[in-house]
1. Would you be able to tell me the number of residues in segment 228-239 that are of a type in the set (Val, Ile, Thr) and assigned to a helix (DSSP H, G or I)?
2. Counting only residues that are farther than 9 Å from Val61 by Cα and in a strand (DSSP E or B), which one in segment 26-50 is modelled with the lowest pLDDT?
3. Going through Ala201, Ala229 one at a time, which residue ends up being surrounded by fewer than 15 Cβ atoms within 10 Å (Cβ to Cβ), of a type in the set (Gly, Ala, Ser) and more than 30 Å from Ala175 (Cα to Cα)?
4. Criterion first (within 35 Å of the chain's Cα centre (by Cα) and in a helix (DSSP H, G or I)) does Leu262 satisfy it?
5. Can you tell me which of Ala128, Ala124 is surrounded by 10 or more Cβ atoms within 10 Å (Cβ to Cβ) and modelled with pLDDT of 85 or more?
6. Assigned to a helix (DSSP H, G or I), out of contact with any Leu (no Cβ under 7 Å at 6 or more places or on another chain) and modelled with pLDDT of 85 or more: which single residue out of Gly190, Gly207, Gly203 fits that description?
7. Among the listed residues Pro92, Pro83, identify the single one that is in a loop (DSSP other than H, G, I, E, B), under 16 Å from Ala23 (Cα atoms) and out of contact with any strand residue (DSSP E or B) (no Cβ under 7 Å at 6 or more places or on another chain).
8. Looking at Phe242, Phe212, Phe225, which is the one that is aromatic (Phe, Trp, Tyr), closer than 19 Å to Ser142 by Cα and either touching a strand residue (DSSP E or B) at 6+ places or on another chain (Cβ under 7 Å) or assigned to a helix (DSSP H, G or I) (or both)?
Amino acid sequence: MRALFLGTFLSACTVVPSFAQVAEVAVERALADGMGLEVGDTVRLGTAPDSLTRLAVITAVYEPRPDPAEISRQAFHVRLHLPDLAAILGAPDRVDRFGVALEAGVSPDSATAALNASAFGFRAYSSAEIASESSRTFVVVSRFHRAIAVISIVASAVFLLCIMLLKVEERRMDAAVMRFVGVRRRTIFGALLLEAVVVAAFGSLAGAALAFAAGAATNAYYQRFFDTALVFSLITPRIVLFSVALSLALGLAAGAVAAWRLVRTPPMVLWGRA
């Protein structure tokens, strides 16, 4: 038999009458692994180390739903029937919070307003309000990442333009020869633009492959570090399509600027004779 001090980590799973002397408890997998607990083990429960008087049998080991808000807390949870939880806490007919499931078609806002107007002593919130309140930290982080992304895009656009200008400058002699033999400026411009698009396409594919590899490495490391199934790096098809489209657009713009600068230069200047 093991003594299990649960403190404030007790939570109710369902309202089921329990008339047995031994309570039933479901233990989180990480807690079971850390303490070597298995289904069928008997533990003592209590709210303090000197009040472990309630016997309980582990009837299930469950994997909690990944929650970013719980990652840094390093807290473990167990689930009990509500009467057993009330008996352990010594506070019958009292709850801190509970959830209400609505039927299909019922508006959460109207249900929240009706509950708040029905009585005093409690406050009802919709799940959207709770999620918005608890995710403010993640909203700030998301905005910070967005600002970094904008700065990175602007810097990469300038860098790409410089690369294209240098690359086109290397083609001065070729462009001069083509102009001397009668090739139109439009044809030269199109060839240089097509080359820039091809380079941007290969670069975007290489960047997408690198992003997938970095995301997989990030998830593998942090999922093992925090012992969770939470996805830390998520690359969706929408992100990939946006990245590829942005890469092609920037490559096209940089190639157009560099090519237009080249074709507007007189052939004798390109040849180095003027």
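The values are calculated or read from the model by the stated rules, or taken from the named source; none is laboratory data. Just so you know, these numbers come straight off a predicted model, no measurement behind them. As a convention, Cβ positions derive from the backbone with ideal geometry for all residues, glycine included, and neighbour counts pool all protein chains shown.
1. Here is the first cut: in segment 228-239, the residues of a type in the set (Val, Ile, Thr) are 228, 231, 235-236, 239.
Filter again for assigned to a helix (DSSP H, G or I), leaving 239.
Number of matching residues: 1.
2. Going through the qualifying residues, I end up with Gly46.
3. Ala229
4. Values: within 35 Å of the chain's Cα centre (by Cα): no; in a helix (DSSP H, G or I): yes.
When the stated conditions are applied, Leu262 does not pass them.
5. Working: Ala128 fails: modelled with pLDDT of 85 or more.
Ala124 is the lone residue from the list that is surrounded by 10 or more Cβ atoms within 10 Å (Cβ to Cβ) and modelled with pLDDT of 85 or more.
6. Numbers: Gly207 fails: modelled with pLDDT of 85 or more; Gly203 fails: modelled with pLDDT of 85 or more.
Of the residues listed, the single one that is assigned to a helix (DSSP H, G or I), out of contact with any Leu (no Cβ under 7 Å at 6 or more places or on another chain) and modelled with pLDDT of 85 or more is Gly190.
7. Numbers: Pro83 fails: in a loop (DSSP other than H, G, I, E, B).
Of the residues listed, the single one that is in a loop (DSSP other than H, G, I, E, B), under 16 Å from Ala23 (Cα atoms) and out of contact with any strand residue (DSSP E or B) (no Cβ under 7 Å at 6 or more places or on another chain) is Pro92.
8. Values: Phe212 fails: closer than 19 Å to Ser142 by Cα; Phe225 fails: closer than 19 Å to Ser142 by Cα.
Result: Phe242 is the single residue among Phe242, Phe212, Phe225 that is aromatic (Phe, Trp, Tyr), closer than 19 Å to Ser142 by Cα and either touching a strand residue (DSSP E or B) at 6+ places or on another chain (Cβ under 7 Å) or assigned to a helix (DSSP H, G or I) (or both).
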